[in-house]
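Novice: Structure below; questions to follow.
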Amino acid sequence: MSVIFRARVLDTPDDPFAGGSLRSGDDVGLLVDNGIITARGEFAAVRIDAPDAQVVDLRDGVLIPGLVDTHVHFPQVHVIGGLGMPLLDWLERCALPEEARLADRAYAEQIAREFLSGVLAAGTTSAMVFGAHFATAMDAFFGEAARVGMRATAGLVVSDRILRSDLLTSPTRAYEESRALIDTWHGRGRLRYAVTPRFALSASGPMLESCQQLVKDTPDLFVTSHVNENNREIAEVAALFPDSRDYVDCYDQYGLLGRRTILAHNVHPKPAELAALASASASVSHCPTSNASLGSGFFPLREHLDAGVRVALGSDVGGGTGFSLFKEGLQAYFVQQLLGDKGVQLTPAHLLYLATAAGAQALDLAETVGDLSVGKSFDAVLVQPATGSTLDVCLKNAADPSDALAKMFVLGTAYDVAKVWIGGDAVHSRD
Ligand code: GUN
Ligand code: ZN
């Protein structure tokens, strides 16, 4: 069935870090057939070529591409708001006790439902989802993600040291359980599998070897983990891996860096680590509210850009403070401002790019999502604040499209997300 979505549209098909700018249209027609955008132009022109298509008029709001969260933990919904601790204390006191509860499949199903409805309500349509330590919980997660139609890449979290004992497994069991999940879920609908060692601190050499074996056996898998988040963590990893040149090298030595690798944080990278990430075409997920909340540090975006490392945004719930990528974009902007001369001057177009097209590239989904061009899937978010709200009056009085986008990032919340589509399917409606 053909549908023309008629809307004011903002997107960033051309990378603003490489000279591109915001694309905007006040009365755009997006012709969508079977979930794919097949024509785009002025509404009147698109209408002439598709006189029989149903028209969905969205001109009361602003349409943007579906948001892409490159790092978010599904088991951590209930631990959002654990303030006042650095990373390793926060893990021990807040995150890991909750993660242990996901051994119960029924509880994991409940959390997966809560997670997915929260993520979709925030306008996130694609995500690299950090999983749980239990295969049953992951099976529950994938089942729920398939049911709601989320574009999710996720996997079993594996660890064999340091963490509380009920979260540990062995390299052999990690391999076998991951294998079974891959066989069931990888490539099914919109789901893909990510090999997920929690971080080098909790994964021994043999565990990373079992991860490497999974990638060797199925080369189109993704890999995700954490790196260089916190100074104490970095020192402990260095002591545990005396033969590795640095933290990134712990993963590189086991063949875990590639085009389909996303490492979260990288707040304290060395030049050699940035060079290794760039040459592998691996991506870094920048999680600014988490970095601020856990006191991890100021993300060196300039150094990543200069080294040619791909960067996108992550909410890092529950270290992060919620699912909204508007908030992450705003916090990314604050961090760069606070860095003064060392920071990058981010415009609203940069923020939208980091929250959409950059994430699509990190997830190797750039052919499918990230902007609203012909050939892309109709993954989209209608931002339509309540009439009379501050965002509403600000949008109505915005000086230009860039100003409107700035207002969206500064004031926008999940309550302003009226409707969300993935592949042309409505997956969330506020009312
Ligand atoms: N490093 C290892 N596990 C975690 C986690 O759950 N959250 C964050 N922010 N960092 C981690
Ligand atoms: Zn994380």
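Values quoted throughout were computed directly from the atomic coordinates according to the rules given, and no laboratory measurement underlies them. Only a predicted model underlies this, so the values are computations on that prediction, with no experimental measurement involved. Here the Cβ is made from the backbone with ideal geometry for all residues, glycine too, and neighbour counts use every protein chain on show.
Novice: Please report, in whole Å, how far the alpha carbons of region 5-64 spread along each principal axis, starting with the longest.
Specialist: Cα extents, longest axis first: 40, 23, 19 Å.
Novice: Can you give the Rg/Rh ratio of the chain, where Rg is from the C-alpha atoms and Rh is the Kirkwood radius?
Specialist: 0.97
Novice: Further question on the same structure: Tell me the Kirkwood hydrodynamic radius of region 133-260 in angstroms, computed as one over the mean inverse distance between distinct C-alpha pairs.
Specialist: Result for region 133-260 stands at 14.9 Å.
Novice: Oh, and also: Please give the charge dipole size of region 20-62, origin at the Cα centre, charges +1 on K and R Cβ atoms and -1 on D and E Cβ atoms. Round to the nearest 20 debye.
Specialist: For this selection, approximately 160 debye.
Novice: Return Asp11, Asp69, Asp246, Asp104 ranked ascending by Cβ neighbour count within 10 Å, so the fewest neighbours appear first.
Specialist: In increasing order of surrounding Cβ atoms, one gets Asp104, Asp246, Asp11, Asp69.
Novice: In debye to the nearest 20, how big a dipole does region 190-291 give about its Cα centre with +1 on each Lys and Arg Cβ and -1 on each Asp and Glu Cβ?
Specialist: 380 debye
Novice: Continuing with the same structure: Relative to the compact-globule scaling 2.2 N^0.38 Å, provide the ratio for the alpha-carbon radius of gyration of region 239-357.
Specialist: 1.05
Novice: I would also like to ask the following. Tell me the net charge near Phe43. Cut-off is 14 Å between Cβ atoms, Phe43 excluded, with +1 for each Lys or Arg and -1 for each Asp or Glu.
Specialist: Once all neighbours under 14 Å are counted, the net charge is 0.
Novice: Where the eigenvalues come from the Cα gyration tensor of region 258-298, what are the semi-axes √(5λ) of the equivalent ellipsoid, largest first, in whole Å?
Specialist: 21, 12, 5
Novice: If you don't mind, there's one more thing I want to ask. Tell me, what ³J(HN,Hα) does each residue in region 286-296 have, in order and in whole Hz, if you take phi through Karplus 6.51 cos²θ - 1.76 cosθ + 1.60 with θ = phi - 60° and put x for Gly and Pro?
Specialist: So the Karplus estimates, Gly and Pro as x, are 8, 10, x, 6, 5, 4, 6, 5, 8, x, 6 Hz.
Novice: Starting with the fewest neighbours, write out Ser165, Ser244 ranked by other beta-carbon atoms found within 10 Å of each beta-carbon.
Specialist: Ser165, Ser244
Novice: Same structure, new question: Ignoring everything except DSSP H segments at least 4 long, calculate the 222 nm mean residue ellipticity for the chain; use -39,500 (n - 2.57) per segment, divide by total residues, nearest 500.
Specialist: Taken over the chain, the calculation gives -10500 deg cm²/dmol.
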